[in-house]
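This report concerns only the one structure given below.
The values are calculated or read from the model by the stated rules, or taken from the named source; none is laboratory data. Source: prediction; values computed, not measured. When we count neighbours, we look across all protein chains shown, and the Cβ atoms used for this are built from the backbone with ideal geometry, even at glycine.
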Amino acid sequence: MAELTESVEMRAALLRLRRSTGLEVVFGGLLQDGRAGGGAGGGRAGREGGDALDARDGRRLRIAELNGAVTPALRGLSISAGSGLGGKCLALSRPCAVVDYPSARHITHEYDGPVSAEGLRSVIAVPIVVRRQVRGVLYGALRDALPLGDRVFDAAVAAARDVEQALAVRDEAREHVRELLAEGPSAEIRQAHGELRELVPQVADPDLRARLLEVCARLETVTAGPARRPPGVTLTPRELDVLVAVASGATNATAADRLGLRPETVKGYLRSTMRKLGAHTRGEAVVAARRAGVLP
């Protein structure tokens, strides 16, 4: 499931990058063993010196997603940290670029065969960094030796940020699930359930979003014990989101900020929720929801 989600996010980011820049080929991959390394560094693409790179630190990434390729030469290629342009990007934790890959002096040339087979000349590589750790590399390339300007650089960085955000959300969801599986019903589980519900609207991938909602539903059922939801009590996803925020102690304004809604809209959802639960106050609504198994 995780690998599928990562593929979806990478594929979508690469497609947006190619459409927005006119780059002929875009591709990328994540670290094979899931290990991250190297603090996030600065620097603009193309400003490379004779940096000393250690290509033997064990980190490797596999090129898994391509768009615009005309040969299979790059697909599945395993890149070592420090080797080639992507390996340099991985090792230095910063964007790197070359105008003419075959003649570039500041990279090693272990991958000249696949690169030449695809006919790539001008290439940019941008790291995917989550929590200051490199998780993968995103590439864009032309088949002519032309300088890649700031517009392409900015678009490539933005595409990498999209993947980073998706990975960060997925990682946070995984952590919450692990915590929930390790503990029994408690206030901590309720808090984690609320945080999971807050993550759901931020997830672009529909499969992962559905999976998170399934986990939330299971938690609601398990922590409800013998209680059962009364017939006719059905909350909409937004009503449940608002109720979760209220249960965590959030004000209407805070709930609105978390959910990207207007405070008036939050009030409306809360009123309809209280009506369905037969509650007269926010606190009564939370208690009634927990008794009904709507909230953990």
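Here are the numbers for this structure:
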{"item": "Number of the exception - Cys96 against (1) surrounded by fewer than 16 Cβ atoms within 10 Å (Cβ to Cβ); (2) modelled with pLDDT of 95 or more", "result": "(1)"}
{"item": "Unique residue being surrounded by 17 or more Cβ atoms within 10 Å (Cβ to Cβ) and modelled with pLDDT of 95 or more when the list is Leu61, Leu120", "result": "Leu120"}
{"item": "Selection from the stretch 254-296 of residues that are closer than 10 Å to Leu243 by Cβ and among the β-branched types (Val, Ile, Thr)", "result": "Thr273, Val286, Val294"}
{"item": "Residue count, the stretch 116-148 (criterion: under 27 Å from the mean Cα position of the chain (by Cα) and either farther than 22 Å from Val163 by Cβ or basic (Lys, Arg) (or both))", "result": "3"}
{"item": "Residues located in the stretch 60-77, provided they are within 22 Å of the chain's Cα centre (by Cα) and among the polar types (S, T, N, Q)", "result": "Asn67"}
{"item": "Enumeration of residues in the stretch 77-87 that are within 19 Å of Ser122 (Cβ to Cβ) and buried (at least 24 other Cβ atoms within 10 Å of the Cβ)", "result": "Ile79, Gly84, Leu85, Gly86, Gly87"}
{"item": "Test: residue in the stretch 65-76 that is assigned to a strand (DSSP E or B), in contact with a strand residue (DSSP E or B) (Cβ under 6 Å, 6 or more places away or on another chain) and surrounded by fewer than 16 Cβ atoms within 10 Å (Cβ to Cβ)", "result": "no"}
{"item": "Some residue of the stretch 144-154 being under 19 Å from Leu74 (Cα atoms) and part of a strand (DSSP E or B)", "result": "no"}
{"item": "Of all residues making up the stretch 90-137, the number that are in a loop (DSSP other than H, G, I, E, B) and aliphatic (A, V, I, L, M)", "result": "4"}
{"item": "Filter pass, Gly86 being under 20 Å from Arg18 (Cα atoms) and touching a residue at least 24 places away in the same chain (Cβ under 8 Å)", "result": "yes"}
{"item": "Matching helices (runs of 4 or more DSSP H) fully within the stretch 192-296 where at least 1 residues are at pLDDT below 75", "result": "206-223"}
{"item": "Answer residue from the stretch 235-282, given it is surrounded by fewer than 16 Cβ atoms within 10 Å (Cβ to Cβ) and hydroxyl-bearing (Ser, Thr, Tyr) and is nearest to the chain's Cα centre (by Cα) among those", "result": "Thr254"}
